[in-house]
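Right, one structure below, let's go through it.
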Amino acid sequence: MKLHGTMKIENNQLLIGDVSVEQLRAKYGTPLYIIDQTHFAEQANVFLTNFRSEKFQTHISYASKAFSNLYILGLAKELGLFLDVVSGGELYTALSAGYNPEKISFHGNNKLPEELEMVLANDIGRIIVDHYTEYSLLSALAAEKQKKVKVLLRINPGIEADTHKYIQTTGKDSKFGMSIADPVTYVLLKDMNSDPWLELEGIHCHIGSQILDKEFFFREAAAMFSFARNLLDDYSIIVREINLGGGFGVYYTKEDQPFDYAEFLAEYIVEIERIITELDLTIDTVSIEPGRSLINASGSTLYTVGAVKQPYQGKPFVFVDGGMTDNPRPALYQAKYEACLANRMQDEVTDNYRVAGKCCETGDILIQDIALPQAEPGDLLLIPGTGAYNYAMSSNYNRIPRPAVVFVENGQSHLAVKRETYEDLIRNDQKYFADNSMQKL
Ligand code: LLP
């Protein structure tokens, strides 16, 4: 297993942020999401220091859908990251964490009227408009509230990046944004540009997620900046800001060969500067929206092994005390992960297992094939690379409480999200009474 961030081995035990995972089990129980705070801060700095230009401003906007709670957003704010949110709930979390509204962009392909009202009431920095109906609704609401609002239009540049089809976003039939090839896109941009309540700052795109070939990002930038040039030439629309989205791929297993982010970001800036000069454009701000590449490698999930079961046929199972409820990605995207027995890091690796969760679901297999030392009940199984889209997509299926989230750094651990309790599970439930007496109250 690849050791990420501050992970290291001492006395056969795995340590993260100089805290042994055995200590974390003793203090917080399992399953447990562990975030390497030092690594997250370092990763944010890789983006903040390398995606920089003398010619335009740059914003690194953390895509909070990857992992959002008050603690991580407080940290992201302190590090100087801008923020991308896609729902009223993500916006509420960001505002509750004290985020400067001006640094927040609001996304979504079906923003609810009450979400748009929330955006207007809180003076959120940017709305990324998705389509015509949304624009009309936003314009009417802004006029009603007498509030000017800054907007970008989400453009689909038609670059089909090589990734799982569920996380591709730019096919011609995609539900996101307006196609660069669609004549309606130009009508919409003209209307947005002349709307007295909207300030059209520019355009946005996001070509997909977990993209491992950097060439797609260069093609995306070329397409977006030349689109901006066309808008100026043909419609006198001035694009001041271009947001190029996220999608930078990460390491899950040896099958993934991510590019070096520092190197890529520096090259990306040079290429963007070259394109801008070549097209003779004046651009004030270029933004990117990394989610997974900022947080994934900082996160791990720690489980306790309950049993090792040899089925009548096939590879043996290691049963863990979590599963698809804390990590639905293998079931959803056939995602692959590495793992280790964190209490026996240097024991000889002898056996091949499947790691299965505790849900009543055949598909609740976290790893289909992993070589480990001979596993026993009570061992600690750790899956690294679970920072992004794990806690964020967790569920209470089978009424399983969500695990706690703990941040570790320099020998300290900080509880960021408490473990859910059984009481939490029924908090919003209403009891049944045969005569409906409760409902009548
Ligand atoms: N910007 C926009 C507009 C997006 O839609 C997304 C991700 C991002 C930025 C951040 O992308 P990232 O840098 O994290 O790749 N649940 C899936 C991933 C869905 C991504 C959705 N949009 C998964 O677990 O793989």
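The values are calculated or read from the model by the stated rules, or taken from the named source; none is laboratory data. Everything numeric in this text was worked out from a predicted model, so none of it was measured. Here the Cβ positions follow ideal geometry from the backbone for every residue, glycine too, while neighbour counts run over all protein chains shown. Ligands, DNA and RNA are excluded from the accessible area calculation, which covers all protein heavy atoms including side chains. Shrake-Rupley method; radii C 1.70, N 1.55, O 1.52, S 1.80 Å.
What is the magnitude of the charge dipole of the stretch 107-290 about its Cα centre, with +1 placed on the Cβ of each Lys and Arg, -1 on the Cβ of each Asp and Glu, and no other charges, expressed in debye to the nearest 20? Intermediate values should be presented prior to the final figure.
On the way: 17 positive and 32 negative charges, 84 e Å.
My answer is approximately 400 debye.
Given in Å, the Rg to one decimal and the Dmax to the nearest whole number for the Cα atoms of the stretch 85-170 are 14.0, 44. Computed on protein heavy atoms with a 1.4 Å probe, the accessible areas place PHE47, PHE218 in the order PHE218, PHE47, largest first. Calculation over all alpha carbon pairs of the stretch 56-109 in 5 angstrom steps from 0 returns a P(r) of 4, 22, 39, 23, 8, 3, 0 percent. Probe 1.4 Å, all protein chains in place: accessible area of MET7 in Å², nearest 10? Solvent-accessible area, nearest 10 Å²: 20 Å².
Which value, in debye to the nearest 20, gives the size of the charge dipole of the chain about its Cα centre, when Lys and Arg are +1 and Asp and Glu are -1 at the Cβ?
Numbers: 41 positive and 59 negative charges, 202 e Å.
Magnitude of the dipole: close to 960 debye.
D by Stokes-Einstein for the chain, Kirkwood Rh over Cα pairs, 4 °C, 1.567 mPa s: 55 µm²/s. Based on the convex hull around the alpha carbon atoms, the stretch 1-145 presents an average projected area of 11.9 nm². When nucleic acids and ligands are ignored and a 1.4 Å probe is applied, ARG229 ends up with an accessible area of around 60 Å².
Counting only DSSP beta bridges whose two residues both lie in the chain, roughly 45 percent are antiparallel.
For the stretch 107-290, the fraction of alpha-carbon pairs lying more than 21 Å apart is 51 percent, rounded to a whole number. Charge tally around THR386: other residues with Cβ under 9 Å, Lys/Arg +1 each, Asp/Glu -1 each, net 0.
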